[in-house]
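Have a look at the structure below, then the notes.
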Amino acid sequence: MPKKLAKGKKAAEPKPAANAAIEEIPISVQVNGKPHSLSVEPRTLLVEFLRENLDLTGTHVGCDTTYCGACTVVMNGAAVKSCTMFAVQADGAEILTVEGLEKDGQLHPIQKAFGDSYGLQCGYCTPGLMLSAFQLLSRNRQPSEKDIRKAIAGNTCRCTGYQNIFKAIESAAQNMKGV
Amino acid sequence: MYPRAFHYHRASSLKEAVAMLSQLGDDAKLLAGGQSLIPLMKLRFANPQHLVDLNFVPGTSYIKEEGGALRFGALTRHAEIENSATAAKIPILHDCAAGIADVQVRNRGTIGGSLAEADPSGDWAVVLMTLSTEVCCLGAKKTRTVPLSDFIKDAYTTALAHDELVSEVVVKAPPKGSGGAYIAFKRSAPVYPTASAAVQLIMDGDVCKDVVIALGCVGLTAIKAKDAEAALRGQRITDKALSAAMEAARAAADPQSDMRGSTDYKRALVGALVKRAIEVAMRRAHGEQVEVGHIYA
Ligand SMILES: Cc1cc2nc3c(=O)[nH]c(=O)nc-3n(C[C@H](O)[C@H](O)[C@H](O)COP(=O)(O)OP(=O)(O)OC[C@H]3O[C@@H](n4cnc5c(N)ncnc54)[C@H](O)[C@@H]3O)c2cc1C
Ligand code: FES
Ligand code: FES
């Protein structure tokens, strides 16, 4: 196909054609311990990659504007909003989603605590909150009240009023002692 | 929401990123933490045809103490600065890093990206303006070092040429007897502040030898409150001097009325923040360990 130049651009500038077909980029990621190698369009958001390419629909899209934290996953040990990263940026990374919390049919202590403390109602925000809690508790087994509040400040819950979420994370910290 | 389709280029060195920018022209943009750029692309306010990803360039994320200064690699994440004992030697830097947005945004967002974005509500420019800060700009032909006050030109406008990037941010350690504090008022964590105040001063006993006061979110760029500084410089910090500084800071502010508050409200707010920041800065200058956090509505 002949290269077309965008309007107003001087033909003299040799530019890699902007309107050439967009190449897919091959990426390799470990998600919940499983390796995946796929090619993705560069604009594919990490959350869409997880939900649509890998069928891991536990990671939710709430606001889609980097506010609510429903899409939070843990990448190389750090909580990130997966609606605000491109999948190509996760190349070579290890990702943990809510589906990876459970092990051998056993709920993770964080999941168990959310259930036991009624830390959820509709559940839409819950996967993101549990992964924010995961980053916190993997670095700090004795979080103060302030530590917990700071750790979940990027996660919005429209149902619970946060009090029970707070209690769930406190009790998960207790249950994870010595784990 | 999908951004418009773009070509993705992964730079393996900063030099290569600069070369890519020159070659690709105006339709190319750098991608650092992506915490400003990706939301804008999703809303299609930004539609670059090429993205040059800096995240895979090794050795761009560091905090080094060298020759009486702290040097920050352009891709140093806010969270790394928040958790760094080296950065905490200048306490106002910790105040700033720890108060930006939320854990997730701080894990991605970078100091270089923040300065390059020059968002009128961004925290770093306000805080770094109270210190002696230089921005290292790497271009195809040379590297230049630009004082922060010359780097930020206007809202969303910097001294960077299209094919230049921020490679490092250098902050001189303040002299002995210094103390600083940064306090913002926010509606919630994952939003920019409504108003903020950064104060860095040098005390000699109870006399303020020198002071820099910068106001955030109340103008197109961070505003230096020169009259407020003059109200304190060379003075004992009495209640009267504090009130004069507050008044002068309110007068220096040039806020816009928006959903975060009216002009009058923001003026009143910024005065109160300046007072609190001065008080904490003074205590720190006297060697006290004071933890401050932003104030949430
Ligand atoms: C929900 C939310 C809340 C936020 N709250 C705050 C807040 O309270 N305070 C605050 O200060 N910020 C806040 N931010 C912004 C955040 O700090 C961003 O990380 C920051 O403004 C941009 O840094 P980045 O590394 O993410 O840059 P990117 O988004 O990757 O890039 C921003 C711009 O800078 C350019 N650029 C990036 N790196 C370089 C470089 N090295 N050299 C030259 N150009 C470069 C890019 O091309 C782009 O134009 C918030 C963001 C979100 C999403
Ligand atoms: S969906 Fe990502 S932050 Fe709301
Ligand atoms: S449980 Fe419904 S949004 Fe949190």
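The values are calculated or read from the model by the stated rules, or taken from the named source; none is laboratory data. What you see is a predicted model; the values in this text were computed from it and never measured. All Cβ positions, glycine included, derive from the backbone under ideal geometry; neighbour counts span all protein chains shown.
Below are the figures for this structure:
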item	result
In the stretch A:48-91, residue farthest from ligand 3 (Cβ to nearest atom) [restricted to those that are among the hydroxyl-bearing types (Ser, Thr, Tyr) and under 23 Å from A:Pro26 (Cα atoms)]	A:Thr84
Scope the stretch A:113-131; condition within 14 Å of chain B (Cβ to nearest Cβ), over 16 Å from A:Leu50 (Cβ atoms) and either more than 10 Å from ligand 3 (Cβ to nearest atom) or assigned to a loop (DSSP other than H, G, I, E, B) (or both); matching residues	A:Cys125
Exclusive hit being within 16 Å of ligand 1 (Cβ to nearest atom) and under 30 Å from B:Ser13 (Cβ atoms), set B:Val166, B:Val191	B:Val166
Hits in the stretch A:70-85 (condition: facing chain B (nearest Cβ under 7 Å) and either closer than 16 Å to B:Ala32 by Cβ or more than 15 Å from ligand 1 (Cβ to nearest atom) (or both))	A:Ala78, A:Val80, A:Lys81, A:Thr84, A:Met85
Per-region count, the stretch A:15-61, residues in a loop (DSSP other than H, G, I, E, B) and away from chain B (no Cβ under 12 Å)	9
Scan of the stretch A:105-135 for residues that are without any contact (Cβ under 8 Å) to a residue 40 or more places away in the chain and of a type in the set (Ser, Thr, Tyr), ordered by number	A:Thr126
Any hit, the stretch A:94-102, residues being of a type outside the set (Lys, Arg), surrounded by fewer than 21 Cβ atoms within 10 Å (Cβ to Cβ) and without any contact (Cβ under 8 Å) to a residue 12 or more places away in the chain	yes
Total residues in the stretch B:85-100, condition in contact with a helix residue (DSSP H, G or I) (Cβ under 8 Å, 6 or more places away or on another chain) and either within 11 Å of ligand 1 (Cβ to nearest atom) or touching a residue at least 12 places away in the same chain (Cβ under 8 Å) (or both)	11
Filter result (outside any helix (DSSP H, G or I) and in contact with a strand residue (DSSP E or B) (Cβ under 7 Å, 6 or more places away or on another chain)) within the stretch B:256-294	B:His286, B:Val292, B:His294
Subset of the stretch A:132-155 that is among the aliphatic types (A, V, I, L, M) and away from ligand 3 (no atom under 12 Å from the Cβ) - its residue that is nearest to the other protein chains (Cβ to nearest Cβ)	A:Ala153
Selection within the stretch A:136-160 - within 16 Å of ligand 2 (Cβ to nearest atom), surrounded by 14 or more Cβ atoms within 10 Å (Cβ to Cβ), touching a residue at least 12 places away in the same chain (Cβ under 8 Å) and not in a helix (DSSP H, G or I)	A:Ile152, A:Gly154, A:Asn155, A:Thr156, A:Cys157, A:Cys159
Strands (runs of 3 or more DSSP E) wholly inside the stretch B:1-97 that include at least 2 residues being more than 11 Å from chain A (Cβ to nearest Cβ) and not small (Gly, Ala, Ser)	B:28-31, B:63-66, B:69-73
Unique match (being under 22 Å from B:Glu16 (Cβ atoms) and either touching a helix residue (DSSP H, G or I) at 6+ places or on another chain (Cβ under 7 Å) or touching a residue at least 60 places away in the same chain (Cβ under 8 Å) (or both)) among B:Gly112, B:Gly122	B:Gly112
Counted residues, the stretch B:182-222 - those being within 14 Å of chain A (Cβ to nearest Cβ), part of a strand (DSSP E or B) and surrounded by fewer than 24 Cβ atoms within 10 Å (Cβ to Cβ)	1
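Per-residue answers, yes or no, for (1) acidic (Asp, Glu); (2) not assigned by TED's automatic domain parsing to the domain that holds B:Leu115:
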position	(1), (2)
B:His7	no, yes
B:Ala11	no, yes
B:Asp26	yes, yes
B:Ala32	no, yes
B:Lys42	no, yes
B:Gly67	no, no
B:Gly73	no, no
